[in-house]
Amino acid sequence: MIHFIYNPNSGSKSNASKKQMLQKLEKIENSQLHLTEYAGHAQELALYALRNGAQRVVAIGGDGTIHEVASALIGSNTALGIIPIGSGNGLARHLGIDLNFSKALQQAIHGSEISIDVAYWNQDAFFCTAGIGFDALVANQFAQGKKRGLINYIKCTLRSIIHYRPIQIQELNQKEEEIFSMTFANANQFGNNAYISPYSDLQDGNFEVVKVKPLTIWESAQLGISLFSKSLPKHKKVSIQSSQRFDFSVPIGTFYHMDGENLSTKVQEHSIQIQAKNLQVIV
């Protein structure tokens, strides 16, 4: 049986479009449809589906909904399906899942299954990207706004860059250094085809550490362009290294993000690690 978990608050579709989506989902044979009602509910519903022998659990929503459902399925034989209707859709884009609802629905029902890596920030799993620094500040500002979409994300970026100051990090057994941002990439992009790590592979047993040194305004503009042209590795202030573990410290209260969720650090010491091919995904 397929369990569909739909977040009705995701995306910017009209009520009429949402009604049409629900009608299509309700017609799928041998399936159950669940609607989320609060933060964390998608994970609870996915665990329920898992306990009841679901063959596939399909997340319908944005990066946050997908993150919750995927977290419940780690290490199981139940596959994650994705129907992306959010703002960024980073994991879905990396996997080549269609952004059209009807086409993504057919992929979720009839697609094949692959195993992908799961990354961890301390004890918390993430599947696409996580990081600290400028992009985490923008994610925080974006989350506080009421509007979604790429244009509004760009507006948040432009407002944030004016007053932003680099942050201090310290790698294990290294000297403290100042950075513009540091991203841990399991997948190749943030979402919206902004490629933070163009060569990242969800099945290679590694994640990439993308470190950006402090930038001038002009270098920041170049960085923005390179994100969408897949040329970030060529930027003179960018370094990228593959790793299976990365340990570092930052001040408590530092903004960070995981799969689109904005957070702030509660401890100083942090460890990023990877579990190879520990999640089944439908493509």
In percent, what relative contact order does the chain have, based on Cα pairs under 8 Å that are 6 or more apart in sequence? 22
Rounded to the nearest 10 degrees, what's the angle between the helix 134-144 long axis and the longest principal axis of the chain, both from Cα atoms, 0 to 90? 50
GluC sites (Glu not before Pro) lying in DSSP loop within region 1-97, provided at most 16 other Cβ fall within 10 Å: Glu29, Glu37
Picking from Val138, Val209, Val267, which is most flexible by a Gaussian network model of the chain using Cα springs under 10 Å? Val267
Assuming R0 = 22 Å, can you tell me the calculated FRET efficiency for the pair Ser271 and Tyr38, based on Cβ-Cβ distance, to the nearest 0.05? 0.15
Please turn the phi angles of region 22-36 into ³J(HN,Hα) values with the Karplus equation 6.51 cos²θ - 1.76 cosθ + 1.60 (θ = phi - 60°), one per residue in order, whole Hz, x for glycine and proline. 4, 4, 5, 5, 5, 8, 6, 6, 6, 9, 10, 10, 10, 10, 6
In whole angstrom, note down how far apart the Cα centers of region 236-250 and region 183-215 are. 11
For the chain, diffusion coefficient by Stokes-Einstein and Kirkwood Rh (Cα), 25 °C, 0.890 mPa s, µm²/s: 127
Straight-distance crosslink candidates among lysines, where the alpha carbon sits under 29 Å from Lys103 and sequence neighbours closer than 8 are dropped: Lys13, Lys18, Lys19, Lys24, Lys27, Lys146, Lys147, Lys230, Lys277
Of the chain, which part is the longest with no chymotrypsin sites (Phe, Trp or Tyr not before Pro) in a loop (DSSP not H, G, I, E, B) and with at most 14 other C-beta atoms within 10 angstrom? 39-198
Given H placed on each backbone N at 1.01 Å, which residues far from Ser87 in sequence or on other chains put an amide H within less than 5 Å of it? Gly11, Asp63
Cα coordinate range in region 1-141, projected on the principal axes (Å, largest first): 45, 35, 28
Connecting C-alpha atoms closer than 10 Å in a GNM of the chain, tell me which of Lys19, Lys230, Lys27 has the biggest fluctuation. Lys27
Using a Gaussian network for the chain with springs between C-alpha atoms less than 10 Å apart, which of these wobbles most: Glu261, Glu177, Glu113? Glu177
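Every number here is computed from the coordinates shown, using simple stated rules; none is lab data. The structure presented is a predicted model; accordingly, all values stated were derived computationally and were not measured. Backbone-built Cβ (ideal geometry, glycine too); neighbour counts: all protein chains shown.
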